[in-house]
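Each reported figure results from applying straightforward, stated rules to the coordinates on display, with no laboratory input. As the structure is a prediction and not an experimental result, all values here were calculated from the model. Cβ placement follows ideal geometry from the backbone for every residue including glycine, while neighbour counts extend to all protein chains displayed.
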Amino acid sequence: MSVPPPGPYRPRTMVHPGPVAPLRLEPVAARGQRQWRLVLAPGQVLLPALTGTLAAQGVQAAALALFGGELETVAYCLPIPDPEGQLIATYGAPLVLHHAALLRASATLGQTADGAPVIHCHATFADAQGQVRGGHVLPDRTVVGQRPITVLVTALDGIELRLGFDPETRLHMLRPSEKKSAKQDD
């Protein structure tokens with residue numbers, strides 16, 4: 001890999017189509033963090049395996065790191081320029097790969113606006129020929145292969161992550177907020 005010669009460089013700047021948000025980051029402190037490992041067994045579909053296991057632990061918001069193991073099927077998308085020109089990028093048509101080795105994935109557990117669990121996941125994996133690939137994983141169409149997958153879960157207690165429209169990007173994103181306690185709901 002060559003090193004560029006010295007000179008004035010400017011990183012590529014991407015300007016979203018909507019009004020600039022006055023607050024770029026939305027910090028919300030968790031009331032506590034629980035962390036543990038779980039194993040996804042061969043044949044499990046990522047979305048119900050993760051959301052079911054975490055719901056049984058009372059978890060509605062979490063950061064997940066997945067590593068090792070095999071994916072029997074991985075459905076994923078790559079970013080493409082928005083054909084309508086309304087967004088910086090959108091996702092292309094889903095790609096499907098069979099018998100991939102999972103290298104690493106990062107995922108976030110949150111909820112849709114109506115409270116259904118949702119997983120946002122990006123991963124890198126190697127195909128049967130060893131070529132490294134990656135993208136936005138579709139967890140409802142991705143199946144664990146013969147080698148189990150390890151997941152490091154960090155539960156974000158006291159936080160809600162809800163899908164909501166972001167006017168600046170014009171995308172639906174997981175937005176953090178402090179979770180209301182049962183006493184606050186009364």
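Suppose each label sits 7 Å from its Cα in the direction of the beta carbon; what would the Ala128-Val45 distance come out to in nanometres?
Result for the modelled spin labels: 2.4 nm.
Using per-residue counts of other Cβ atoms within 10 Å, averaged over each peptide, order 24-36, 144-156, 119-131 from highest down.
144-156, 119-131, 24-36
When Rg is the radius of gyration of the Cα atoms in the stretch 32-180 and Rh is its Kirkwood radius, what does Rg/Rh come to?
Radius of gyration over Kirkwood radius for the stretch 32-180 works out to 0.98.
So which trypsin sites (Lys or Arg not before Pro) in the stretch 83-186 end up in coil per DSSP with only 12 or fewer other C-beta atoms within 10 Å?
Answer by residue number: Lys180.
For Thr169 and Arg104, what does the FRET efficiency come to when R0 = 25 Å and r is the distance between their Cβ atoms, rounded to the nearest 0.05?
Taking R0 as 25 Å, the efficiency between Thr169 and Arg104 is 0.50.
Rank Phe67, Thr108, Pro17 by how far each Cα sits towards the positive end of the charge dipole of the stretch 7-161 (+1 on Lys, Arg Cβ; -1 on Asp, Glu Cβ) and give me just the farthest.
Phe67
Per DSSP H run of at least 4 residues, take -39500 (n - 2.57); add these up for the chain, divide by its residues and hand me the 222 nm value, nearest 500 deg cm²/dmol.
-2000 deg cm²/dmol
List the residues whose amide H sits under 5 Å from the amide H of Arg175, counting only those 5 or more places along or on another chain, with H placed 1.01 Å from N in the peptide plane.
For Arg175, whose amide H was placed from the backbone, the distant partners under 5 Å are Arg162, Leu163, Gly164.
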